[in-house]
Amino acid sequence: MSGAKAISLHVAVIILLFALNFLLPEYHHGVLARVMVFAVFAMGYALLFGYAGLLSLGHSMFFAAGMYGAALPVLHLGWSAPLAFVAGIAAGTALSLLIALLALRTTGVAFMIVTMMFAQVFYLAIIYFSPWTRGDEGFALDRQARIVDLGGNLVDLTNPTARYMIALLLFTIALFTMLRVVTSPFGRVLVAIRENEERTRMLGYNTFANKLVAVVVSGTVCAAAGAAYALLFGFAGAGFASVQYSILPLLWSLLGGAATTLGPALGALFMYYLVDITSGYTSAYLLFVGILLMLLVLFFPKGILGTARDRWARWLP
Amino acid sequence: MSFGPHLLLACLEGLVTAAVLSLTALGLSLVFGVMRIVNVAHGEFFMLGAVLAWWAASLAGGDPVIGFLLALVISPLIVGAIALLSERLVLRRLHYNPEATIVATIGLLYILQQAALSLYGPEARPVPAPFNVRIVLPWFGYSGYKLFVIAASASLLVATWLVLTRTRIGLVMRATQYDRETAQAFGIPVDRVYGGVFALGAMLAAVAAVLIVPIQQAHYLMGRDPLLLSFIVVIIGGLGSLRGTLIAALLIGLSDGVISMFFSPTLAKMIATLAVALVLVFRPQGLFGTAQR
Amino acid sequence: MSNTRDKAGFANSRISRRTAIKGLGAVAALGTAPGYVRYAGAQTSEPIRIGFQAHKTGIGAAYGRWYEKTTMAAVKLINDAGGINGRPVEIITEDDGTDPARGAEVVAKLATQHKCDLVYGTLFSHVVTGSAPVAGELKVPYFVVSEGYHVASGKLNRWCLQPGITDVRSQVTSVAPWMAGNLGKKVTMIFPDYAFGYDHRDYLPPALKAQGAEVLAQIAIPPTETSFTKYLPQIPSDTEVLYHVMVGPAVLTFVKELGEFYGSSGPQLFGFIDSLEAVDINSPGLEFLDGSHFWEGSPRYAQENDSDAQKAYRAAVGIDDNGASLQDPKDISTAAHMFGCWETLYVIKQAMEACDYKSTDDRAKLVEATEAMTEMKEGPEHPQGDKIFNGKIHQAFGHQNISKLEGGKLKVVHRTSIEDGQYEPQADYTTTPL
């Protein structure tokens, strides 16, 4: 029963987002397209953090791997957007596999610090190779490169509706992938690892292999978000690889509820409008953002949906 | 410059980095070790310490020595009070839940940064060193104050070590760190210990900032790198190991300095960071840590 | 959206050293501070709405504050003189946090939510590059005051313009002959390993080579670095000129450590004042710079031969003869760059008048009218000096100042000609459709 309820809710969210394409004023329409891409980043992060219990502070490198994996071939090799998107995802998969093999030798806070340091190296590498990457200044993608020929139909990624729909498609795929993963046996093993790794191992599960898959899936989803950001919004810059973009998905996940499927997306949306609205009233908006974060966490210690699940809706996945 | 003097310079610089880093990291290590929480705002306490040092120097009006001594007293006190306040008002109510604490301390980070930006401003402001001595070596000149920073940090570290190992306060803290429930059962006021540890951690960061600010200037965004580096030091050193924290700080400071001799600056930073990360990969419990409990 | 907001916010009130001291003692006041002024200018019917993408927070905040002051001063003058095409000008400010992602969002917000006629005022080049695609997609004119070589490189799009400040490529090309002729022919460069530094890295060596001088070494410092001494031995010992460009809070450290390292010996120094914008040149630790030379866009200190326009500009913005705020002599301006805001706003005014700009439907006409500009005469609208605008690459070219630091003041010792800074344009935006 609860499974059907959950699926209905997720379908309803997608339908609502689809309807909003026709209802939202121009500005908020554009905002939502951006937030959906960041929400994919947040979901990729939360899959690892919320379900497998691995706190990484290095996910900006996966986002950036996707971003540069897609944007560099477009800039230097003239690749088309779809091919570049695949390249971005592949770059994220490869990097996350490498990082997983190294970083999963550690656990807990050591995992957090190791991923942070690898991400720092990645960030510095983008700076170091600035003749190709333009380092922190970054580069804009040519408009022509963002018009995609799909079997004779031209899809213009700079068109707001096209962009919104592609972001929604990516969001939908990510959301249902996440729902599928967390309700699958694999997802349950991850939760078991989170709760007690030793016991899970005793029960005969290969916890290393399961965690490895979790990191790679998580990194790949984040890379997809990064690649989508570069192609949809036409910019790649080293700032996206900085530690700030590792902390943001953590914050989004915690705010919305890390071990929930919809929470990370909600957290991303909430943070966006928190900054956007408060900055409209005062230049000291970070003060209010800070106070609101504290208040929020006092009343929703497990994030908005996490706490909602504990109190009202046990069936939330 | 020939190899020998260059190495000497790199080591001196590494020692200065290590000295300040070990103080900042020691504060984080206490909080991390005893309370088991990730305090994202630790770097902002460092920043606040530096900004308050500038304020103290302004109050003292001109005399750098008085300003410096004043800063050394009031800066940690104010920062400690702010830390204590936030601990009592927020962290305690969260029951030190590790995840909720991350959000709360990110909130605190925003608040402190904005306060500094609004009240102190966006500029980097210099604080005069208590004394200016340029030590002239045959190959290069070096700041005498930097040598003082190394010495001052070392003595503060010794003092902290004595407090932790030789006093009742230290015993209580170590007991709480070792086993919270048992400590409580033995009548240790764990709740008050937590408040004290959080304030003490912030004060150590503030002291480090007062020492560094004549070299580095106070700026409202200066807290990020000390935060990241402190985390690295604490984990490499091994949770709860004072000796480990010190050695990790030396390792990071000196490797940063020495590696910078051989490569262009950005590449040197990459290699140094990667090297330290690999230490952790192949020794996950840190240099002196025991397996995690 | 209401059009007026409370004026009492502290973003509007200047944060001086004194108020900062008072303020630090009374943190509590912070929570009660109300909103700030988002809208300035007279509120008659249908003002021209200029969206101001401001670095209010983040690493660019020191610049952002003075960019805002200059902007408000120029707009007040424009409005007092009857506005543009008889309409008042209204500035709508949004903070981009000096972050390219937020910058892009802010341009969209200004264009689509605030319905601004154009977006203006960005300084940091990564924010410009990140925001440019949005400006191109929304077809909103984007006037930047950044001095990066991004607009002129042709890598952005036709909606991006930089008519009020010269770019770094032009600046380094202009100063190279003077450097080679007066300071020395063996140059070592120290610069930040990010956007701003790349333009120096790429364009100084060829400019020096043309003068028979050479770059011995390039030392790029990673952006997170806070200490520099360990890199100083990488400066070759036969260096005659040390060319330094540092931005951000670490610059004082850099100079101080340079002084400790070299003492009274050491090479000649040539720096870009960007390092020391908003910083008191007489700060403790900067003594080592005495006698060294700096590039300045517009001189910080009032000069003997200042034009009346320059004097009027300084008075309007509110800076004294030392380039500090009239209210607080410790509050140093970003004089070498912020004139660009003033001049850009007057370029916008002139272009809008030339194309008889009526509404957002005329945005393309505004771009074309700007492209059609060629000469800009020195005067109240261009207090820094005359300029030549290249409509193909959307970039202004002008005079550069080389100043010597003597007796705690910067004195202009050489002013380059516009021709010194010319280079072969590598793009033509006018061929792309609007």
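The values are calculated or read from the model by the stated rules, or taken from the named source; none is laboratory data. A quick note: this is a predicted structure, and the numbers were derived from the prediction, not measured. Reconstructed Cβ throughout: ideal geometry from the backbone, glycine too, with neighbour counts over all protein chains shown.
Restricting the stretch C:373-419 to residues that are small (Gly, Ala, Ser) and more than 17 Å from the chain's Cα centre (by Cα) leaves a set whose member that is surrounded by the most Cβ atoms within 10 Å (Cβ to Cβ) is C:SER403.
Which members of the stretch C:242-276 meet the condition of being of a type in the set (D, E, K, R) and farther than 24 Å from C:GLU147 by Cβ? Before the answer, list the steps.
Initially, the stretch C:242-276 is screened for residues of a type in the set (D, E, K, R), giving C:256-257, C:260, C:274.
Listed by number, the residues that qualify are C:LYS256, C:GLU257, C:GLU260.
Could you tell me whether any residue of the stretch B:24-31 is in contact (Cβ under 8 Å) with a residue 40 or more places away in the chain, hydrophobic (A, V, I, L, M, F, W, C) and under 20 Å from C:THR253 (Cβ atoms)? No, the conditions are met nowhere in the stretch B:24-31.
Restricting B:LEU12, B:LEU91 to those that are more than 21 Å from B:MET222 (Cβ to Cβ), touching a residue at least 60 places away in the same chain (Cβ under 8 Å), in contact with a strand residue (DSSP E or B) (Cβ under 7 Å, 6 or more places away or on another chain) and not basic (Lys, Arg) reduces the list to B:LEU12. Restricting to the stretch C:223-234, name every residue that is surrounded by fewer than 21 Cβ atoms within 10 Å (Cβ to Cβ) and touching a strand residue (DSSP E or B) at 6+ places or on another chain (Cβ under 8 Å). The answer is C:GLN234, and nothing else. Out of the residues in the stretch C:90-123 that are part of a loop (DSSP other than H, G, I, E, B) and within 18 Å of the chain's Cα centre (by Cα), state the one that is surrounded by the most Cβ atoms within 10 Å (Cβ to Cβ). Here the residue is C:THR122.
Only residues that are of a type in the set (Ser, Thr, Tyr) and under 16 Å from B:ALA115 (Cβ atoms) were counted in the stretch B:39-98, giving 2. Which residue pairs have Cβ atoms closer than 9 Å, lie 6 or more positions apart in sequence or on different chains, and pair a first residue in the stretch C:262-283 that is free of Cβ contacts under 8 Å to residues at least 12 places away in the same chain with a second residue that is among the aliphatic types (A, V, I, L, M)? Within 9 Å, the pairs are C:GLY263/B:VAL136. If you go through the stretch C:213-261 and keep only what is over 30 Å from B:LEU117 (Cβ atoms), touching a Gly at 6+ places or on another chain (Cβ under 6 Å) and either assigned to a loop (DSSP other than H, G, I, E, B) or more than 7 Å from chain B (Cβ to nearest Cβ) (or both), you end up with C:GLU240, C:VAL241. Does the stretch C:383-406 contain at least one residue that is over 24 Å from C:ASP199 (Cα atoms) and small (Gly, Ala, Ser)? Taking every residue of the stretch C:383-406 in turn, none turns out to be over 24 Å from C:ASP199 (Cα atoms) and small (Gly, Ala, Ser).
Among the conditions (1) within 14 Å of chain A (Cβ to nearest Cβ); (2) in a helix (DSSP H, G or I); (3) β-branched (Val, Ile, Thr); (4) under 24 Å from A:TYR285 (Cβ atoms), B:VAL40 misses just one, which is (2). The one condition from (1) under 30 Å from B:LEU287 (Cα atoms); (2) aliphatic (A, V, I, L, M); (3) assigned to a helix (DSSP H, G or I) that A:MET67 does not meet is (1). For the stretch B:134-148, residues that are more than 10 Å from every other protein chain (Cβ to nearest Cβ) and either at pLDDT 90 or above or touching a strand residue (DSSP E or B) at 6+ places or on another chain (Cβ under 8 Å) (or both) total 2.
Conditions tested, residue by residue: (1) buried (at least 24 other Cβ atoms within 10 Å of the Cβ); (2) outside any helix (DSSP H, G or I).
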{"residue": "B:LEU48", "(1), (2)": "yes, no"}
{"residue": "B:TRP54", "(1), (2)": "yes, no"}
{"residue": "B:VAL65", "(1), (2)": "no, no"}
{"residue": "B:GLY80", "(1), (2)": "no, no"}
{"residue": "B:ALA83", "(1), (2)": "yes, no"}
{"residue": "B:ARG93", "(1), (2)": "no, no"}
{"residue": "B:TYR96", "(1), (2)": "no, yes"}
{"residue": "B:GLY107", "(1), (2)": "yes, no"}
{"residue": "B:LEU112", "(1), (2)": "yes, no"}
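Across the stretch C:315-332, the qualifying residues are those that are crowded, with 17+ Cβ neighbours inside 10 Å and in contact with an Asp or Glu (Cβ under 8 Å, 6 or more places away or on another chain), and the one among them that is nearest to C:SER146 (Cα to Cα) is C:ILE332.
When the test is whether a residue is part of a helix (DSSP H, G or I) and surrounded by fewer than 20 Cβ atoms within 10 Å (Cβ to Cβ), B:PRO5 passes it.
Restricting to the stretch A:203-231, give me the number of residues that are under 30 Å from A:GLN144 (Cβ atoms) and more than 10 Å from chain C (Cβ to nearest Cβ). So the count comes out to 11.
Among the residues of the stretch A:82-103 satisfying the criterion of being of a type in the set (Val, Ile, Thr) and closer than 14 Å to A:VAL221 by Cβ, which is surrounded by the fewest Cβ atoms within 10 Å (Cβ to Cβ)? So the residue we want is A:THR93. Consider the stretch A:278-291 and keep the residues that are outside any helix (DSSP H, G or I) and among the small types (Gly, Ala, Ser). The one that is farthest from the other protein chains (Cβ to nearest Cβ) is A:ALA284.
Of all residues in the stretch B:130-176, those satisfying the criterion of being loosely packed, with under 15 Cβ neighbours inside 10 Å, in contact with a helix residue (DSSP H, G or I) (Cβ under 7 Å, 6 or more places away or on another chain) and assigned to a helix (DSSP H, G or I) are B:VAL163, B:ILE169.
Give the stretch A:256-277 a look and list any residue that's in a helix (DSSP H, G or I) and within 12 Å of A:GLY50 (Cα to Cα), or say none. Result: A:GLY256, A:GLY263, A:PRO264.
When the stretch C:313-352 is filtered for residues that are in contact (Cβ under 8 Å) with a residue 40 or more places away in the chain and acidic (Asp, Glu), the ones remaining, listed by number, are C:ASP328, C:ASP331, C:GLU343.
Flag: C:ARG49 matches the condition of being touching a His at 6+ places or on another chain (Cβ under 7 Å), within 30 Å of A:ALA236 (Cα to Cα) and either modelled with pLDDT of 95 or more or not in a loop (DSSP other than H, G, I, E, B) (or both). Within the stretch B:187-204, identify whether any single residue is within 14 Å of chain C (Cβ to nearest Cβ) and either surrounded by 14 or more Cβ atoms within 10 Å (Cβ to Cβ) or touching an Asp or Glu at 6+ places or on another chain (Cβ under 6 Å) (or both), and answer yes or no. Within the stretch B:187-204 (the criterion being within 14 Å of chain C (Cβ to nearest Cβ) and either surrounded by 14 or more Cβ atoms within 10 Å (Cβ to Cβ) or touching an Asp or Glu at 6+ places or on another chain (Cβ under 6 Å) (or both)), the answer is no, since none of the residues qualifies. State whether the residues of the stretch B:20-31 include one that is more than 16 Å from the chain's Cα centre (by Cα) and buried (at least 24 other Cβ atoms within 10 Å of the Cβ). No, the stretch B:20-31 has no match at all.
Kindly check whether there is at least one residue in the stretch B:43-64 that is touching a Ser or Thr at 6+ places or on another chain (Cβ under 7 Å) and aromatic (Phe, Trp, Tyr). Yes. Which of the residues belonging to the stretch C:153-179 are of a type in the set (Gly, Ala, Ser) and within 14 Å of chain A (Cβ to nearest Cβ)? Passing the criteria: C:SER153, C:GLY154. Could you give me the residue pairs with C-beta distances under 6 Å whose first residue belongs to the stretch C:353-374 and is farther than 14 Å from C:TYR142 by Cβ, whose second residue is basic (Lys, Arg) wherever it lies, and which are 6+ apart or on separate chains? Close Cβ pairs satisfying both conditions: C:CYS355/C:LYS365.
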